[in-house]
Amino acid sequence: MRYNEKELQALSRQPAEMAAELGMRGPKKGSVLKRRLVKLVVNFLFYFRTDEAEPVGALLLERCRVTREEPGTFSISFIEDPERKYHFECSSEEQCQEWMEALRRASYEFMRRSLIFYRNEIRKVTGKDPLEQFGISEEARFQLSGLQA
Amino acid sequence: MAPGFPPGFSIAAMKLNERSLAFYATCDAPVDNAGFLYKKGGRHAAYHRRWFVLRGNMLFYFEDAASREPVGVIILEGCTVELVEAAEEFAFAVRFAGTRARTYVLAAESQAAMEGWVKALSRASFDYLRLVVRELEQQLAAVRSGAGGPALPLPLPLSPTPALPSTPALAPPLPRWPSALPPKENGCAVWSTEATFRPGSEPPPPPPRRRASAPHGPLDLAPFARLHECYGQEIRALRGQWLSSRVQP
């Protein structure tokens, strides 16, 4: 699949929601743990060799599942192949917890659901649609039908 | 790593979880926009008709509507969406910042389709969505604490948003709507996916039901639909004038 790699690289240089050096193991059988600088920017998780400016790779965090593994370790897998896991080893339980929470909330789809939730709550309290002031109340992407079952 | 390259220099392409991307592209959830668009292959290349699917901040394109896997994807962060001067009718561009950054020139099959796409794409970034969510979060907190009734002044974001730094204004020799028209999300003026709230900037006087960054005049009190129609007519007229006054290259 073609994609705009240069723009993705530029995105990896943007301010991150979270960044840390973690141990990372790829999904292939026999993968070894490697130290990686892991950086969360919008709905992408970038991972760098610790001394390089360009990322080794990126994971789009849509339809992903974040699972606790051994203590201090979590994994990311994707709905269509839940056994294919990217493992991340943290330096503490707290760090592990922090990352898991952040990654669960990192997807566009999660953010969209939050918007719909707040929109409805505000509407319930005030009787008004808060998106009208933005001129986006009719946008398909912010309708209730946009929520997955 | 090939010999002769300085240490730390990697020539491998960046890895991406493409299979997951393909599943995201074709999953059952409702899409944010879909339709045929013509995509220009390169600067001097021909247009190819592709089936485009917008989901979140990802614009996928397929060989046709029945294809099971996308040909490619355009990641929509840090871009602006603009109308362009092109041989093709109903053309618009998705432009990224940076010296050697790519500009994707696309063309719709009708005026309405073009407007729909430009609107949808200019609101597609994660960054934009996050800004709106933060606004609503604060509004909800304000109403719950009993701060006011229905007509709330729009609170500005209290904490600096870790948004993309605003891309420097590109000064392209592209046709733009006359600067007398305020850039409006609902009109045909230039849209931008840049952050519209600039942390630390001066708060404008907060009349109710207004966007903080784009204060409007007395027309703002008119019903929204009528406003939209007003601006639409104005823009159609201006566009007609612009098209007839254009010198052909």
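The values are calculated or read from the model by the stated rules, or taken from the named source; none is laboratory data. As the structure is a computational prediction, the values presented were derived from the model and not from experiment. Glycine gets a Cβ as well: all are built from the backbone with ideal geometry, and neighbour counts include every protein chain shown.
Restricting the search to the range B:39-66, which residues are within 17 Å of B:GLU89 (Cα to Cα) and of a type in the set (Phe, Trp, Tyr)?
B:TYR47 - this is the single residue of the range B:39-66 that is within 17 Å of B:GLU89 (Cα to Cα) and of a type in the set (Phe, Trp, Tyr).
When you go through (1) surrounded by fewer than 17 Cβ atoms within 10 Å (Cβ to Cβ); (2) closer than 16 Å to A:ALA106 by Cα; (3) facing chain B (nearest Cβ under 7 Å) one by one for A:THR67, which number turns out not to apply?
Among (1) surrounded by fewer than 17 Cβ atoms within 10 Å (Cβ to Cβ); (2) closer than 16 Å to A:ALA106 by Cα; (3) facing chain B (nearest Cβ under 7 Å), the lone unmet condition for A:THR67 is (3).
At pLDDT below 95, surrounded by fewer than 18 Cβ atoms within 10 Å (Cβ to Cβ), within 28 Å of B:THR80 (Cα to Cα) and aliphatic (A, V, I, L, M): which single residue out of A:ALA53, A:ALA19 fits that description?
On the way: A:ALA19 fails: at pLDDT below 95.
Result: A:ALA53 is the single residue among A:ALA53, A:ALA19 that is at pLDDT below 95, surrounded by fewer than 18 Cβ atoms within 10 Å (Cβ to Cβ), within 28 Å of B:THR80 (Cα to Cα) and aliphatic (A, V, I, L, M).
With (1) buried (at least 24 other Cβ atoms within 10 Å of the Cβ); (2) in contact (Cβ under 8 Å) with a residue 24 or more places away in the chain; (3) under 19 Å from A:TYR108 (Cα atoms) as the list, and B:ARG55 as the residue in question, which single condition is left unmet?
(1)
Of all residues being surrounded by 19 or more Cβ atoms within 10 Å (Cβ to Cβ) and without any contact (Cβ under 8 Å) to a residue 60 or more places away in the chain in the range B:79-92, which is farthest from the chain's Cα centre (by Cα)? Just the residue, please.
Across the range B:79-92, the extreme among qualifying residues is B:PHE90.
Just the residues that are buried (at least 17 other Cβ atoms within 10 Å of the Cβ) and either touching a residue at least 24 places away in the same chain (Cβ under 8 Å) or assigned to a loop (DSSP other than H, G, I, E, B) (or both), please, taken from the range B:10-25.
If we filter the range B:10-25 for residues that are buried (at least 17 other Cβ atoms within 10 Å of the Cβ), which is where we start, we get B:14, B:16-17, B:20-25.
Of everything in the range B:10-25, those that are buried (at least 17 other Cβ atoms within 10 Å of the Cβ) and either touching a residue at least 24 places away in the same chain (Cβ under 8 Å) or assigned to a loop (DSSP other than H, G, I, E, B) (or both) turn out to be B:MET14, B:ASN17, B:LEU21, B:ALA22, B:TYR24, B:ALA25.
Here is a list: A:GLU94, A:GLU121, A:GLU98. Which entry is assigned to a helix (DSSP H, G or I), touching a residue at least 60 places away in the same chain (Cβ under 8 Å), over 30 Å from B:ALA12 (Cβ atoms) and of a type in the set (Asp, Glu)?
On the way: A:GLU94 fails: touching a residue at least 60 places away in the same chain (Cβ under 8 Å); A:GLU121 fails: touching a residue at least 60 places away in the same chain (Cβ under 8 Å).
That would be A:GLU98, the only listed residue that is assigned to a helix (DSSP H, G or I), touching a residue at least 60 places away in the same chain (Cβ under 8 Å), over 30 Å from B:ALA12 (Cβ atoms) and of a type in the set (Asp, Glu).
State the number of residues belonging to the range B:93-132 that are more than 10 Å from every other protein chain (Cβ to nearest Cβ), within 24 Å of A:PRO130 (Cβ to Cβ) and among the polar types (S, T, N, Q).
1
I want to confirm something. Restricting to the range B:93-137 and keeping residues that are part of a strand (DSSP E or B) and of a type in the set (A, V, I, L, M, F, W, C), which single residue is farthest from A:ALA10 (Cα to Cα)? Working first, answer last.
Let us first name the residues in the range B:93-137 that are part of a strand (DSSP E or B), namely B:93-96, B:103-107.
Then keep just the ones that are of a type in the set (A, V, I, L, M, F, W, C); that gives B:93-94, B:96, B:105-107.
Details: B:ALA93: 19, B:VAL94: 16, B:PHE96: 10, B:VAL105: 20, B:LEU106: 22, B:ALA107: 26 Å.
Among residues in the range B:93-137 that are part of a strand (DSSP E or B) and of a type in the set (A, V, I, L, M, F, W, C), the one farthest from A:ALA10 (Cα to Cα) is B:ALA107.
Going through A:MET18, A:MET1, A:MET24 one at a time, which residue ends up being closer than 18 Å to B:ASN17 by Cβ and in contact (Cβ under 8 Å) with a residue 24 or more places away in the chain?
Result: A:MET24 is the single residue among A:MET18, A:MET1, A:MET24 that is closer than 18 Å to B:ASN17 by Cβ and in contact (Cβ under 8 Å) with a residue 24 or more places away in the chain.
Out of the residues in the range A:110-137 that are of a type in the set (D, E, K, R) and either facing chain B (nearest Cβ under 7 Å) or touching a strand residue (DSSP E or B) at 6+ places or on another chain (Cβ under 9 Å) (or both), state the one that is nearest to B:ASP32 (Cα to Cα). Working first, answer last.
Just the residues of the range A:110-137 that are of a type in the set (D, E, K, R), to begin with: A:112-113, A:119, A:121, A:123-124, A:128-129, A:132.
Then keep just the ones that are either facing chain B (nearest Cβ under 7 Å) or touching a strand residue (DSSP E or B) at 6+ places or on another chain (Cβ under 9 Å) (or both); that gives A:112, A:119, A:121, A:128, A:132.
Values: A:ARG112: 11, A:ARG119: 18, A:GLU121: 23, A:LYS128: 24, A:GLU132: 19 Å.
My answer is A:ARG112.
I need the strands (runs of 3 or more DSSP E) fully contained in the range B:52-92, keeping only those with at least 3 residues that are farther than 12 Å from B:ALA22 by Cα and more than 8 Å from chain A (Cβ to nearest Cβ).
Hits in the range B:52-92: B:79-83.
Exactly one of these conditions fails for B:LEU76: (1) crowded, with 17+ Cβ neighbours inside 10 Å; (2) touching a residue at least 40 places away in the same chain (Cβ under 8 Å); (3) over 25 Å from A:ALA16 (Cα atoms); (4) not β-branched (Val, Ile, Thr). Give me its number.
With respect to (1) crowded, with 17+ Cβ neighbours inside 10 Å; (2) touching a residue at least 40 places away in the same chain (Cβ under 8 Å); (3) over 25 Å from A:ALA16 (Cα atoms); (4) not β-branched (Val, Ile, Thr), B:LEU76 is out only on (3).
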